[in-house]
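Written out below as structure tokens is the structure these notes cover.
Laboratory data are not the source of any read-out in this text; all were calculated from the coordinates shown. What you see is a predicted model; the values in this text were computed from it and never measured. Neighbour counts are summed over all protein chains in view; Cβ atoms, including those assigned to glycine, are modelled from backbone coordinates with ideal geometry.
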Amino acid sequence: MTGGWHPETGPDGFLAETVQQARRVLDAEDGWPTYDTGLEFQGRAMRAMSETPEGAYAPDVPVGLYLIWGALTDEMDAPGRGSPEQDAAAVRRMKQAAAEWLTVVDSPDGRRAYLDRWVHEECGYARRET
């Protein structure tokens, strides 16, 4: 699958970047260091989306990861958030999402299932009606 995930390395390079970023999330100290690393994850996905040539199909992996990490970081910084209990729960979910990503990143079917579950069930984005 091409389509501009990463201009120099293509989809494989982007997936390798996501592995490194997921490991950073897992290694980050709890609290705001995990949040900051989660924001970096979302930023990597956003860059991959923006580097897709105009008119090319937007790859589902960067789009899904962008949505997931946006929702997960919002759990700490959205209005009405920020209690110590909410922050601790948000960090746990970020680390869970990162750990689960590492178990599926090498499997196209695993990635699809992960993205479907995390985007819709875990993060609450509505499914498109067909």
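What shape does the range 86-125 take by its C-alpha gyration tensor, where a ≥ b ≥ c are the square roots of the eigenvalues and a/c under 1.5 counts as rounded, a/b above b/c as prolate, and the rest as oblate? Because a/c hits 1.5 or more and a/b fails to exceed b/c, the range 86-125 counts as oblate. Sequence-distant contacts, meaning Cα pairs under 8 Å at least 6 residues apart, place the relative contact order of the range 18-92 at 31 percent. Each peptide in 102-111, 25-34, 66-75 gets a packing score, the mean of other Cβ atoms within 10 Å over its residues, and the list from highest to lowest is 66-75, 25-34, 102-111.
For Kirkwood radius over Cα pairs in Å, the value calculated from this model appears in (1) 18.6; (2) 14.9; (3) 15.8 under label (2).
Explain nothing, just the number: relative contact order of the chain, from Cα pairs under 8 Å at least 6 residues apart, as a whole percent.
Relative contact order of the chain: 26 percent.
Long hydrophobic helices in the chain: the complete DSSP H runs spanning 20 Å or more by Cα along their own axis with mean Kyte-Doolittle hydropathy of at least 0.0 are 60-77. Each of the peptides 89-95, 76-82 was scored by the mean count of other Cβ atoms within 10 Å over its residues; in descending order, highest first, they stand as 89-95, 76-82.
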